[in-house]
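A.B. asks: This is the structure I have questions about; it appears just below.
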Amino acid sequence: MDVNAYLEERLSKLHDNGNYRIFADLERQAGNFPRATRYREDGTVQDVTVWCSNDYLGMGQHDKVVGAMQDVIAKCGAGAGGTRNISGTNHYHVLLERELADLHAKEAALIFTSGYVSNWAALGTLASQVPGMIVYSDSLNHASMIEGIRHSRCEKRIFKHNDYEDLERQMAADDPDAPKMVAFESVYSMDGDIAPIKEICDVADKFGALTYLDEVHAVGMYGPRGGGVAEREGLMDRLTIIEGTLGKAFGVMGGYITGSKTVVDFVRSFASGFIFTTALPPALAAGATASIKHLKESRFEREAHKQRVAQVRAALDKRGIPHMENPSHIVPVMVGDAKKCKWISDILLDTYGVYVQPINYPTVPVGTERLRFTPTPLHTAEDIEHLANAINDLWSQCALARAVA
């Protein structure tokens, strides 16, 4: 077998189907988010406005966050020095974990190098180490959750998306004495819908199951202190484990879990994805801590963010641009064709200076291709009008259907 030829053939099919991913070469401008400098292949540069960042609140540019990171680099240097188990546990890791446990009203927290790793390590460890564990996973769970469950080789059930009645039917059919865990997300990032957390917890309680909630797209964004949807709805105490990220609304990098001392210590002691991984640099931990502390006290960013999301939706509605209605901060503009989706994305960047990545298969099902916009408090009214007018122009050129008012 000519392996190289096979690889080239597979890549060629991605190109043909419009699913080949091209990374824009961008440099974020400090203190000027959401502006960035784009480096073109011809050697020229272009000023662009970023419309698809998961730095939802612009905290990656906040003075408190940047200042904390600069101070700790000056004190501690760049790296962590190794894994947490050998030489890499720094005082700033400890402080961050205390802050996260407090954010979610849990006894303990554990940080990882990313949200992907925290899901993979925590789910994979608990599901593999607890004998006879059955995991019930929402059908639209993130790849990191799916991989963690798959890696554990435990018994698993997939319940229909956000369908707690289907979850109950499946749990009722299983051995009542088997240990169980329900794994789901609060905000689903592609459609922007929100899970019925209370109802899922009710079902889990009925069958004595653990609950594992991924809040990566919700922490910092919802709740009076930014603890996520579970905090907003007064349900944090009903979740066994709340998992989150430091790389989205908190604007830095890393992932974490929070829960009881026993559960967190178990994952710390048995998860290979934690034990054998170099720890986060102390400066990142300090930056995340500063971001969390600020958002616990400040509601300004969240309130401004809500206004921007409403303004973007109104501007799209005015022009008949179809976007998926949802109760979250994510604005998916539905294209429904992979090649047109990529073409629109390319022209928005090249001609209008608007950066948004096309979302195609396998991230979303074929026929539901979209542009996923994430407004921030730092986008201006002029930015929103420019965006809406640009999409309006290209919608006509592609002869795409308009939404009916």
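The values are calculated or read from the model by the stated rules, or taken from the named source; none is laboratory data. All values reported here derive from a predicted model rather than from experimental measurement. So basically every Cβ, Gly included, is an ideal-geometry build from the backbone, and we count neighbours across all protein chains shown. Only protein heavy atoms, including side chains, enter the accessible area calculation; ligands, DNA and RNA are left aside. Shrake-Rupley method; radii C 1.70, N 1.55, O 1.52, S 1.80 Å.
A.B. asks: Could you name every one of the strands (runs of 3 or more DSSP E) located completely within region 116-210 that has at least 1 residues being among the hydroxyl-bearing types (Ser, Thr, Tyr)?
C.D. replies: Qualifying strands (runs of 3 or more DSSP E): 134-138.
A.B. asks: Let me ask something additional. Which residue, of 371, 348, 378, is out of contact with any Lys or Arg (no Cβ under 9 Å at 6 or more places or on another chain), in contact (Cβ under 8 Å) with a residue 24 or more places away in the chain and either open to solvent by 60 Å² or more (accessible area, probe 1.4 Å) or assigned to a helix (DSSP H, G or I) (or both)?
C.D. replies: 348
A.B. asks: Could I ask something else about it? Can you name every residue in region 102-115 that is open to solvent by less than 10 Å² (accessible area, probe 1.4 Å) and part of a helix (DSSP H, G or I)?
C.D. replies: Correct list: 103 only.
A.B. asks: Residues that are in contact with a His (Cβ under 8 Å, 6 or more places away or on another chain) and in contact (Cβ under 8 Å) with a residue 60 or more places away in the chain: does region 331-340 have at least one?
C.D. replies: yes
A.B. asks: Please go through (1) farther than 24 Å from residue 195 by Cβ; (2) part of a helix (DSSP H, G or I) for residue 312 and return the number of the only condition it doesn't satisfy.
C.D. replies: Of everything listed in (1) farther than 24 Å from residue 195 by Cβ; (2) part of a helix (DSSP H, G or I), residue 312 misses just condition (1).
A.B. asks: I'd like the residue in region 169-178 that is touching a residue at least 24 places away in the same chain (Cβ under 8 Å) and either farther than 16 Å from residue 135 by Cβ or out of contact with any strand residue (DSSP E or B) (no Cβ under 9 Å at 6 or more places or on another chain) (or both) and, out of all such residues, is surrounded by the most Cβ atoms within 10 Å (Cβ to Cβ).
C.D. replies: My answer is 172.
A.B. asks: Taking the stated definitions as given, is residue 321 crowded, with 17+ Cβ neighbours inside 10 Å, outside any loop (DSSP other than H, G, I, E, B) and of a type in the set (A, V, I, L, M)?
C.D. replies: no
A.B. asks: Further question: Anything in region 268-318 that is surrounded by 15 or more Cβ atoms within 10 Å (Cβ to Cβ), of a type in the set (Lys, Arg) and either modelled with pLDDT under 95 or more than 30 Å from residue 79 (Cα to Cα) (or both)? List them, or say none.
C.D. replies: 302, 308, 313
Results for (1) surrounded by fewer than 24 Cβ atoms within 10 Å (Cβ to Cβ); (2) within 15 Å of residue 102 (Cβ to Cβ); (3) β-branched (Val, Ile, Thr), shown as yes or no for each residue.
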site: 217; (1), (2), (3): no, no, no
site: 221; (1), (2), (3): no, no, no
site: 231; (1), (2), (3): yes, yes, no
site: 238; (1), (2), (3): yes, no, no
site: 245; (1), (2), (3): no, no, yes
site: 253; (1), (2), (3): yes, no, no
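A.B. asks: Another one. Which residue pairs have Cβ atoms closer than 8 Å, lie 6 or more positions apart in sequence or on different chains, and pair a first residue in region 1-19 that is at pLDDT 95 or above with a second residue that is open to solvent by less than 90 Å² (accessible area, probe 1.4 Å)?
C.D. replies: 11/20
A.B. asks: Which one is farthest from residue 59 (Cα to Cα), of the residues in region 11-30 that are open to solvent by less than 70 Å² (accessible area, probe 1.4 Å) and assigned to a loop (DSSP other than H, G, I, E, B)?
C.D. replies: 18
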